[in-house]
Amino acid sequence: MKTLVTGTTGFLGSAVARELLVSGRAVRVLVRRGSDLRNLQGLDVEVVHGDLRDPESLARALDKCDALYHAAAYYSLWSRDRKMMYDINVAGTRNILHAAQQAGLERVVYTSTVGCIGLSSNGGSGTETTPFNPATLCNDYKRSKYEAEQVALEFANNGLPLVIVNPSAPVGPRDIKPTPTGKVIQDFLNGNMPAYLDTGLNLIDVRDCARGHLLAEERGTPGERYILGNRNMSLKEILDTLSNITGIPAPKVQMPYWVAYSAGWVCDAVSDYITHKPPAVPLGGVKMAKYHMYFDASKAVQELGLPQNPVEQALSDAVHWMREHGLAR
């Protein structure tokens, strides 16, 4: 069985490709020309060039494939070109799922996000059936991914054998960019986090999250969603854990939300109109931090067998990898 994987130059996509290789699968990866291929170094994969905005390249990439893992996305909390985010995340998803349908694939796994899962109104954990509040779509990334998930559900309802996975916040090695969650770790290590917000995340080892993708293909029900998460932790708990790992003191000052919001508004304005570079404090990230992103992955654990390895080890591995690769001191 040959499997096409998108998004493999990134953090989670490369972990999915590695997990597929470990399981003995023949892996083909779709990359754009000129992409940073460091996360693919040493992997026995077939590289094909293409672009989610180019339907003909997608049809060629899927030729002779039996399965597709669509993990690619434009993941950023700020962008100079917001239209491109929707072109890649929404229209690009439609393009590749259409190509998958035309190719008659046996299975498709679509990587969504817990940003498309409803949040509990009573301070608990959201599940796949928690009602969704559109007011939580507080930045273009979340809006585009929500729209893309609706596209995926549309294809599933029309017969494409597609399973949706909703990763929470993966952590671990090879967060090369890094992701917003990885940026928290990097900023902590580099002494760039003097205070913290009252917010929270659900963390999962990126390797467990990748394994969850394969389990979704093997055991998931087409048209269903599965939260790939593990442990709910406040930002303060995450920073205290990083402190225990590294010996670096965790920040003790809790920043009021309005201060962070004001800083984000100013930083976004400077980026939009002056520097055209990513803001130091993206407003989209501050808006997300207004909510405790807590989720319950019981469905994936019970139905798929999603691993739940210690998040502390994943954080430790992330720290060591960042230091070894010059991302942190």
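The values are calculated or read from the model by the stated rules, or taken from the named source; none is laboratory data. Not measured: the values here are computed from a predicted model. When we count neighbours, we look across all protein chains shown, and the Cβ atoms used for this are built from the backbone with ideal geometry, even at glycine.
How many residues does segment 313-329 hold that are free of Cβ contacts under 8 Å to residues at least 24 places away in the same chain and either touching a strand residue (DSSP E or B) at 6+ places or on another chain (Cβ under 7 Å) or in a helix (DSSP H, G or I) (or both)?
Of the residues in that region, 1 qualify.
Evaluate the following for V171: is it over 25 Å from A289 (Cβ atoms) and out of contact with any Gly (no Cβ under 6 Å at 6 or more places or on another chain)?
On the way: over 25 Å from A289 (Cβ atoms): no; out of contact with any Gly (no Cβ under 6 Å at 6 or more places or on another chain): yes.
Considered against the rule, which asks whether it is over 25 Å from A289 (Cβ atoms) and out of contact with any Gly (no Cβ under 6 Å at 6 or more places or on another chain), V171 comes out as no.
Considering segment 233-249 alone, what residues qualify as being hydrophobic (A, V, I, L, M, F, W, C) and within 19 Å of V281 (Cβ to Cβ)?
L235, I238, L239
Which one of the conditions (1) more than 25 Å from V206 (Cα to Cα); (2) surrounded by fewer than 22 Cβ atoms within 10 Å (Cβ to Cβ) does T129 fail to meet, given that it meets all the rest?
So T129 meets the others, but not (1).
Find the residue count for segment 1-12, including only residues that are closer than 27 Å to G104 by Cβ and touching a helix residue (DSSP H, G or I) at 6+ places or on another chain (Cβ under 8 Å).
7
Using beta carbons and a limit of 6 Å, which pairs, at least six apart or on different chains, have the first residue in segment 289-304 and over 15 Å from T130 (Cα atoms) and modelled with pLDDT of 95 or more and the second one of a type in the set (K, R) and assigned to a helix (DSSP H, G or I)?
L304/R219
How many residues does segment 307-318 hold that are out of contact with any Pro (no Cβ under 7 Å at 6 or more places or on another chain) and surrounded by fewer than 21 Cβ atoms within 10 Å (Cβ to Cβ)?
7
What is the residue count in segment 53-107 for residues that are farther than 22 Å from I164 by Cβ, in contact (Cβ under 8 Å) with a residue 40 or more places away in the chain and either crowded, with 20+ Cβ neighbours inside 10 Å or under 19 Å from the mean Cα position of the chain (by Cα) (or both)?
So the count comes out to 4.
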